[in-house]
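For reference, the structure is listed below as structure tokens.
The values are calculated or read from the model by the stated rules, or taken from the named source; none is laboratory data. What you are looking at is a predicted structure, and each value in this text was computed from that prediction instead of being measured. Here the Cβ is made from the backbone with ideal geometry for all residues, glycine too, and neighbour counts use every protein chain on show.
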Amino acid sequence: GAVVSQHPSWVICKSGTSVKIECRSLDFQATTMFWYRQFPKQSLMLMATSNEGSKATYEQGVEKDKFLINHASLTLSTLTVTSAHPEDSSFYICSARSITTSPNSYNEQFFGPGTRLTVL
Amino acid sequence: SQQGEEDPQALSIQEGENATMNCSYKTSINNLQWYRQNSGRGLVHLILIRSNEREKHSGRLRVTLDTSKKSSSLLITASRAADTASYFCATDYGNNRLAFGKGNQVVVIP
């Protein structure tokens with residue numbers, strides 16, 4: 001159980017276009033999803049926390065107008081990279097936290113397989 | 001935000017040997033987690049150790065935590081070629097947000 005999928009798994013786009021990445025929890029409901037970015041041979045950096053039915057919370061230095069997050073249902077969060085540029089090329093990974101996780105439990109997050117974005 | 005930070009190592013070992021990697025962090029924690037990432041893939045949760053625990057085992061994995069030194073280690077015993085991956089530690093810096101360390105790339109040679 002606890003499977004998280006991402007779509008697409010990879011995407012190549014031209015500079016200036018917008019790209020939408022989907023993150024789905026397949027067999028559980030997720031009130032909270034997280035979006036990370038990972039550059040080659042580097043670690044994951046948290047971009048934002050996506051909460052179902054409310055606005056996302058962005059980490060310092062992440063442009064909310066650049067990276068639009070929508071968490072419209074308990075199983076789907078989307079990240080839209082607007083007006084993408086080559087420097088946005090990266091590996092984007094989402095994770096989801098189960099709705100059944102009690103507030104005092106440890107941080108049980110399940111990660112998606114990632115989306116490789118290449119902006120030409 | 002706090003960052004778990006591993007010693008920047010790339011380990012290359014023979015199958016059957018043990019692999020040890022370390023992680024340090026900056027602030028107080030409730031728990032520390034280790035993840036594995038195969039090349040170009042997502043993360044797989046390996047093990048979590050709570051701040052009141054000093055050592056934890058899971059199969060061939062052994063994790064230690066020294067809160068006085070703000071450090072943790074991950075030991076993989078009897079390594080296999082399938083253990084080839086990058087390993088990250090992560091700490092929660094509030095509201096379930098994870099801060100990941102730089103990662104250790106482990107190559108197990110058959």
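Values computed for the structure shown
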quantity: Any strands (runs of 3 or more DSSP E) falling wholly within segment B:22-89 and containing at least 2 residues that are surrounded by 13 or more Cβ atoms within 10 Å (Cβ to Cβ), in contact (Cβ under 8 Å) with a residue 40 or more places away in the chain and among the polar types (S, T, N, Q); calculated: B:31-37, B:71-76
quantity: A:Thr49, sole failed condition from (1) touching a helix residue (DSSP H, G or I) at 6+ places or on another chain (Cβ under 8 Å); (2) within 14 Å of another protein chain (Cβ to nearest Cβ); calculated: (1)
quantity: Residue among A:Lys14, A:Lys20, A:Lys41 that alone is out of contact with any Lys or Arg (no Cβ under 7 Å at 6 or more places or on another chain), within 11 Å of another protein chain (Cβ to nearest Cβ) and of a type outside the set (Phe, Trp, Tyr); calculated: A:Lys41
quantity: Matching residues, segment B:13-56, being among the acidic types (Asp, Glu) and more than 23 Å from B:Val107 (Cβ to Cβ); calculated: B:Glu53, B:Glu55
quantity: Wholly within segment A:21-103, strands (runs of 3 or more DSSP E) carrying at least 3 residues that are modelled with pLDDT under 95; calculated: A:30-38, A:44-51, A:67-73, A:90-98
quantity: Number of the exception - A:Val4 against (1) touching a residue at least 60 places away in the same chain (Cβ under 8 Å); (2) under 15 Å from the mean Cα position of the chain (by Cα); (3) surrounded by fewer than 17 Cβ atoms within 10 Å (Cβ to Cβ); calculated: (3)
quantity: Matching option when the condition is within 14 Å of chain B (Cβ to nearest Cβ), in contact (Cβ under 8 Å) with a residue 24 or more places away in the chain, touching a Pro at 6+ places or on another chain (Cβ under 8 Å) and farther than 23 Å from B:Trp34 by Cβ, among A:Thr31, A:Thr115; calculated: A:Thr115
quantity: Segment B:56-96, residues that are aliphatic (A, V, I, L, M) and touching a strand residue (DSSP E or B) at 6+ places or on another chain (Cβ under 9 Å); calculated: B:Leu61, B:Val63, B:Leu65, B:Leu74, B:Leu75, B:Ile76, B:Ala81, B:Ala82, B:Ala85, B:Ala90
